Structures are given as C-alpha cells and as structure tokens.
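Asks: Have a look at the structure that comes next, please.
The values are calculated or read from the model by the stated rules, or taken from the named source; none is laboratory data. Please read these numbers as outputs of a predicted model, since none were measured by experiment. Using ideal geometry, Cβ is built from the backbone for each residue, glycine included, and neighbour counts are taken over all protein chains shown.
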Amino acid sequence: MDGLHETMQAVCLRRVPQGMPQAQDFELRQLPLPTPGDSQLRIQVQWLSLDPFLRAQLGGRYAVPCPPLGSIVPGYGIGTVLEDRSGRFAVGEVVSGLTGWAEQAVLDAGTVSRVDATLAPISTAVGVLGIPGLTAWAGVRRILEPKPGQTLLVSTAAGAVGSVVGQLCGAAGCRVVGISGSAEKCAIATAEFGFDACVNYRDADFLQSLRAACPDGIDGYFDNVGGAVLEAALSLLNLHARVVLCGLSDQYNRAERPAGPNLGPVIGARARLEGLVVYDHLADFDLCRRELAAMIADGTLRYREHIHDGLASAPAGFIGLLNGDNLGKALVRL
C-alpha cells in the first residue's frame, strides 16, 4: 500500500466473543487512511503479534477495557514510518507499538519504540525481544529469582513466554520442567529450548507424570494457565517457593469464573504467590532487550515463530493460538 491509496484494510470487532472466539466475531473492512496529528506518526504495518491477553481484553477481564464494536482489533505490530509529525523519527525507520490489526496505523510518538534491526530479525520486537520476552524476563528476574540446583516448573513451556522463562532458569543452573498441551510441544520444549523434562497436561496420567518429573518438589512455578494445572503445581511446592501468576488461559473462554484452586499447600509451604502485570516493568525494557539479545547472539536463547500470511489470516491465527495450535510465537506477516 502506498500513500496514493485512500483506504486500507483492517480487521474490526464485529461482536464480543462468547466462549471460544469465532471467525464471525471479526470482520475485514476497508477504512479511510488515518491522518497523523501533531506529535504523531503514520506507520505501514509489516508484522502483527497475536497474543492470548487479547482474549481476556475482549471479555472485559484485562488491564485495559474491551474495544468498542466496529473498532479495529487491538494488538502490537511492527512497521516502517511513512510520515512523522513529531520530529522524533525518520521516514523508513522501523518501529513497534499498539498498531492494531490494520495495514496502517497512526500512533503518538511517545508510545512507539524504535526497532534495532541489528539485534535480531525485526519480528522479534513483538516476540522474544518484545512484551512476551519482557514478561518472561520480569517474572524470572524480579519474582522467581532462580538459584543453581533449584527445580523450576513452567507452564506453556513451548510458548512465547514460557520458552524464554525456561531458558533463563536453565541458564541460572536450575533443573527446568515444562508443562505443555501436546507431545509435539513437549518435544520442542526439551529438544529446542533445553527443558530437562516436559509433561503433557492433556494426558490421563498428568499428575503422576508431573510428580515423577519433579521428585524433589518445585522451588518456583511460572503460571500462564490457572485452573487444574495451577492446582497440580501448588501440590509440589517446596518451603518458601515462589509462584508467578501471569495468565489465566484456562478461563479466558469461560463465561463463569471456575472454583479457585485449594491454597492449603501454599500456606504449608510458606510460599509466595505474586501477580505479574508486564506494564509495571516497562522501565526495564532496555535492560531486558540487551540481555536477551546478547543471549540470542551467543546461541544460549532460542525462539520459534509461527507465521500466518496476510491480514485476513489474523482471526483464524488468533483462534488457533487459543486452541493451542501454534508452535512458537504467533505472528501475522502483512
């Protein structure tokens, strides 16, 4: 798309999803090109990030409210600057920000980050070097504080956040056990991301397998799931274990909140449960990026991407993400 066109494609919210989102909840529309005001810039979007937190937002259960019907579906993106009215960016620079699911976006210059294409491929700016990477880094560095010889348990072990958590804990000298939703993802967690073991929570003998993988209990747990998986992890807590409560994918598609897990084991273990909201850690973004980029460069941090092509594929890609179909960070390439 060039500046001569007067419209652009965008995916808009047609209705608020009930339960698992459906393709009909979204609508591909032609919209007028946005025009930047003072201190804003216009971006040609190249990559979109598909993230589980959007499901919570569409259900009104997130740090920011549900977008109004008919508006562009929110989400992080990466693109090149077409026009700048802030004096802070050059045309052609690569930036990331909350672009939404659209071919172009107008953003306030203060909300946009430059993407350093020399660190890693630019798509990583919404993955391992973006909000998922910062989420993992903050949970490990600020809450889990892993020590050599400890056992750390990580849910969604092959996902964009969990895979980085596991590798950071492994680099700290820990035994790292993952939880994932398929044999294929468990194999990726161990073979590609270096987990010492990984257990499939969909297996009938999940609890027994988890206990066998953690014979000495766990000293920390990074939870992206909630529900029965969290309850299983809590039964393994060692004294003074730390638990990061990051996501609740188990209940994103439920109309009713499920009964909470039994917290008796938390008391018995004198454990610490701490909620993680990544936006509290934005001041650490540069430090996190430098650290993770250095690990990518020296081969100690690996990442995977699951790429969908074309803006129209965003809804199906998002639904697939919630179904657990993705193998790596879910992205849309425009």
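Asks: Filter region 283-294 for residues that are surrounded by fewer than 17 Cβ atoms within 10 Å (Cβ to Cβ) and not charged (D, E, K, R) and give the result.
Replies: Of everything in region 283-294, those that are surrounded by fewer than 17 Cβ atoms within 10 Å (Cβ to Cβ) and not charged (D, E, K, R) turn out to be A283, L287, A294.
Asks: Hey, among the residues in region 165-197 that are charged (D, E, K, R) and touching a strand residue (DSSP E or B) at 6+ places or on another chain (Cβ under 8 Å), which one's surrounded by the fewest Cβ atoms within 10 Å (Cβ to Cβ)?
Replies: It comes out as D196.
Asks: Looking at (1) within 20 Å of V225 (Cβ to Cβ); (2) assigned to a helix (DSSP H, G or I); (3) touching a Gly at 6+ places or on another chain (Cβ under 6 Å), can you tell me which one G170 breaks?
Replies: It fails just one condition, (1).
Asks: Any idea how many residues of region 300-321 are part of a helix (DSSP H, G or I) and out of contact with any helix residue (DSSP H, G or I) (no Cβ under 6 Å at 6 or more places or on another chain)?
Replies: Result for region 300-321: 10.
Every residue, every condition in (1) farther than 29 Å from R14 by Cβ; (2) under 23 Å from the mean Cα position of the chain (by Cα); (3) outside any loop (DSSP other than H, G, I, E, B), yes or no:
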residue: P34; (1), (2), (3): no, no, no
residue: L48; (1), (2), (3): no, yes, yes
residue: S86; (1), (2), (3): yes, no, no
residue: G92; (1), (2), (3): yes, no, no
residue: G100; (1), (2), (3): no, yes, no
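Asks: Could I ask something else about it? Condition first: modelled with pLDDT of 95 or more and under 14 Å from the mean Cα position of the chain (by Cα). Now tell me which residues in region 276-303 satisfy that.
Replies: Across region 276-303, the qualifying residue is only Y303.
Asks: With the requirement that a residue be among the aliphatic types (A, V, I, L, M), within 19 Å of D116 (Cα to Cα) and surrounded by fewer than 19 Cβ atoms within 10 Å (Cβ to Cβ), what does region 297-330 give you?
Replies: Residue satisfying the conditions is A297 alone.
Asks: Next question. Please specify each residue of region 137-164 satisfying the condition of being without any contact (Cβ under 8 Å) to a residue 60 or more places away in the chain and either within 16 Å of S49 (Cβ to Cβ) or crowded, with 24+ Cβ neighbours inside 10 Å (or both).
Replies: A157
Asks: What's the number of the only condition in (1) under 22 Å from F285 (Cα atoms); (2) not in a strand (DSSP E or B) that I78 fails to meet?
Replies: Only one criterion in (1) under 22 Å from F285 (Cα atoms); (2) not in a strand (DSSP E or B) is unmet by I78, namely (2).
Asks: Across region 37-75, what is the number of residues that are farther than 24 Å from T124 by Cβ and basic (K, R)?
Replies: The number of residues fulfilling the criteria is 1.
Asks: Among the residues of region 212-228, which ones are part of a loop (DSSP other than H, G, I, E, B) and either touching a Cys at 6+ places or on another chain (Cβ under 8 Å) or touching a residue at least 12 places away in the same chain (Cβ under 8 Å) (or both)?
Replies: C214, D216, G217, N224, V225, G226
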